[in-house]
Amino acid sequence: MSTIRKKLLTDSQANKVTYGKGNAKKYIVVHETDNTRSGADADAHARLQYNGNSRSASWHYTVDDKEAVQSFEHTWKCWAAGSNTGNNEGIQIEVCVNSDGNYQKAMQNAAELVAKVMKEEGIPISKVVQHNHFSGKNCPRNVRAGRISWNQFIAMVVACTGSVQQQKPIADNNKYRVMTGTYSTIQAAENVLDVLKHRFGWVAYIEPDGKLWRVKTGTFTGMVAAQAGANKIKTAKLAQVANVVAA
């Protein structure tokens, strides 16, 4: 896995969408987001939680084909597993299934993340379970359908346990923005703005540049996150040019 990044909710935010602190940390619970929309990656789901999820749901990590983003420290009892035991004793990991992502790579990253959390918390492989284990929900849906079978995934986790290394959180706390190249009409800029705000869940706004227009995002913490944002804009073909600038 290339990156494990933290975008933690404040205690006041977390108290609104969890059962509070005191997680017994006996299980690792694997989910899938079930969100196949383009752009519905780990960053988008982490921002959804950080900006105030309208659903009564929460989870510790979201992982995609490029990174994992942590929203809660392990001690929080998140609302994800559908039962008191699962919520109060589980560390919840959501795997992205966005159509513009690589599902195989996302599952490999999830396996590496599970192995890392197992090592950190002393959780045995027998306590790595599906969301279905606690609530009977058909989740993780693709795993249960055999796209990558559960036995294959567990084997991937086991293969990672011998080589997993602790990763330190990114120390770059500087603020950055992403700025697109110019658009010839304000309508074109507004179309991009709509995607950034409503599909990606970002803060963004339009800036005039002479007779042209640019779109600029809100702030990212750290160059890694900002560069990932710029790459996401270009991958979605919203702009040919997306530059990272200091906030």
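Among the residues of the range 136-156, those identified as of a type outside the set (A, V, I, L, M, F, W, C), in a loop (DSSP other than H, G, I, E, B) and without any contact (Cβ under 8 Å) to a residue 60 or more places away in the chain are GLY136, LYS137, ASN138, GLY146, ARG147, SER149.
Just checking, does the range 215-229 include any residue being of a type in the set (A, V, I, L, M), at pLDDT 95 or above and either assigned by TED's automatic domain parsing to the domain that holds ARG47 or farther than 23 Å from ALA106 by Cα (or both)? Checking the range 215-229: at least one residue is of a type in the set (A, V, I, L, M), at pLDDT 95 or above and either assigned by TED's automatic domain parsing to the domain that holds ARG47 or farther than 23 Å from ALA106 by Cα (or both). Restricting attention to the range 81-97, the residues that are touching a residue at least 12 places away in the same chain (Cβ under 8 Å), surrounded by fewer than 24 Cβ atoms within 10 Å (Cβ to Cβ) and not β-branched (Val, Ile, Thr) total 6.
Entry remark, the range 194-245: residues being free of Cβ contacts under 8 Å to residues at least 40 places away in the same chain, surrounded by 20 or more Cβ atoms within 10 Å (Cβ to Cβ) and touching a Phe, Trp or Tyr at 6+ places or on another chain (Cβ under 7 Å) number 1 in total. Of the set (1) under 17 Å from the mean Cα position of the chain (by Cα); (2) assigned to a loop (DSSP other than H, G, I, E, B); (3) of a type in the set (S, T, N, Q), all apply to ASN173 but (1).
Residues in the range 237-247 that are under 18 Å from ALA44 (Cα atoms) and out of contact with any helix residue (DSSP H, G or I) (no Cβ under 7 Å at 6 or more places or on another chain): LYS237 alone. Restricting the range 111-135 to residues that are assigned to a loop (DSSP other than H, G, I, E, B) and free of Cβ contacts under 8 Å to residues at least 24 places away in the same chain leaves a set whose member that is nearest to ASN98 (Cα to Cα) is PRO124.
Looking at ILE148, is it at pLDDT below 95, surrounded by 18 or more Cβ atoms within 10 Å (Cβ to Cβ), hydrophobic (A, V, I, L, M, F, W, C) and over 23 Å from LYS237 (Cα atoms)? Yes, satisfied.
Within the option set ASP64, ASP100, ASP34, ASP43, being in contact (Cβ under 8 Å) with a residue 12 or more places away in the chain, at positive phi and not basic (Lys, Arg) holds for one residue only, ASP34.
The values are calculated or read from the model by the stated rules, or taken from the named source; none is laboratory data. Just so it is clear, the model here is predicted, and its values are computed rather than measured. Glycine also receives a Cβ, built like all others from the backbone with ideal geometry; neighbour counts cover every protein chain displayed.
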